[in-house]
1. Just give me the residues in region 96-106 being hydrophobic (A, V, I, L, M, F, W, C) and surrounded by 22 or more Cβ atoms within 10 Å (Cβ to Cβ), in sequence order.
2. State the number of residues belonging to region 59-77 that are of a type in the set (Phe, Trp, Tyr) and either outside any helix (DSSP H, G or I) or exposed (fewer than 12 other Cβ atoms within 10 Å of the Cβ) (or both).
3. Let me spell it out: the conditions are (1) modelled with pLDDT under 90; (2) of a type outside the set (Val, Ile, Thr); (3) not in a helix (DSSP H, G or I), and Pro117 meets all of them except one. Which number is the exception?
4. Tally up the residues in region 158-173 that are of a type outside the set (A, V, I, L, M, F, W, C) and without any contact (Cβ under 8 Å) to a residue 12 or more places away in the chain, please.
5. Is there a residue being without any contact (Cβ under 8 Å) to a residue 40 or more places away in the chain, under 30 Å from Ile50 (Cβ atoms) and polar (S, T, N, Q) anywhere in region 77-96?
6. Small (Gly, Ala, Ser) and closer than 10 Å to Pro98 by Cα: is that true of Gly130 in this structure?
7. Report, ordered by the first and then the second residue, all pairs with beta carbons closer than 7 Å, sequence separation of six or more or different chains, a first member in region 123-138 that is touching a residue at least 60 places away in the same chain (Cβ under 8 Å), and a second member that is part of a loop (DSSP other than H, G, I, E, B) and not hydroxyl-bearing (Ser, Thr, Tyr).
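The values are calculated or read from the model by the stated rules, or taken from the named source; none is laboratory data. Given the structure is predicted, the values throughout are model-derived calculations rather than measurements. Methodologically, a virtual Cβ is constructed for each residue, glycine included, from the backbone with ideal geometry; neighbour enumeration extends over all protein chains shown.
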Amino acid sequence: MFIELINLISAWAIPCLLFVIPLTGYLRGVKVYETFVAGAEDGFYTAVKIIPFLVGMLVAIGVFRASGAMDLLVLFIEPITGLLRIPPDILPLAIMRPLSGGGALGLAAEIINTHGPDSFLGRLASVAQGSTDTTFYVLTVYFGSVGIIKYRYALHLGLIADITSLMAAIFITRLVFG
């Protein structure tokens, strides 16, 4: 009975919101369609504005991976991460995740395909993928779209949050799955 209720709510949540939000706006005297069109126009201009930032980031990620720099970085930090008992197979995912969600997803899928979804590394890749963020993407797209160019502190804190999230993912995966 409870599952059926949840499924019913899930099926009707979006259609209800798509009905209730414009109705509420109309009842409050908002020109709903005109406001929607103005917002869509602003969104289009924002999308055009961030394209150069997005292209630059994607090119940089491609060069970083294709040049072998990521592999060198993994080799460089592996002794440090070994002391912290961080599995070396997770390092490429940990490095790629702040740069690119799609690239990190590909690496997570590779880890899961290689080691299995129920292996420690498969579970760790899943938890790390879900608990860390794409810091450079956020800085590039969101900050670039509103014209913020001084993002040094946001970068530092974002990377600290990524490292903390990775360490928490490792700790929780070990705690829950052994």
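1. Here is the first cut: in region 96-106, the residues hydrophobic (A, V, I, L, M, F, W, C) are 96, 99, 104-105.
Selection gives Met96, Ala104.
2. Adding up the residues that qualify gives 1.
3. (1)
4. Selection size over region 158-173: 1.
5. Checked region 77-96: no residue is without any contact (Cβ under 8 Å) to a residue 40 or more places away in the chain, under 30 Å from Ile50 (Cβ atoms) and polar (S, T, N, Q).
6. Numbers: small (Gly, Ala, Ser): yes; closer than 10 Å to Pro98 by Cα: no.
Considered against the rule, which asks whether it is small (Gly, Ala, Ser) and closer than 10 Å to Pro98 by Cα, Gly130 comes out as no.
7. Phe136/Pro98; Phe136/Leu99
Residues checked against (1) exposed (fewer than 12 other Cβ atoms within 10 Å of the Cβ); (2) β-branched (Val, Ile, Thr); (3) under 18 Å from the mean Cα position of the chain (by Cα); (4) over 22 Å from Val176 (Cα atoms):
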position: Val55; (1), (2), (3), (4): yes, yes, yes, yes
position: Gly82; (1), (2), (3), (4): yes, no, no, no
position: Arg85; (1), (2), (3), (4): yes, no, no, no
position: Ala94; (1), (2), (3), (4): no, no, yes, no
position: Ala109; (1), (2), (3), (4): no, no, yes, no
position: Gly116; (1), (2), (3), (4): no, no, no, no
position: Ser126; (1), (2), (3), (4): no, no, yes, no
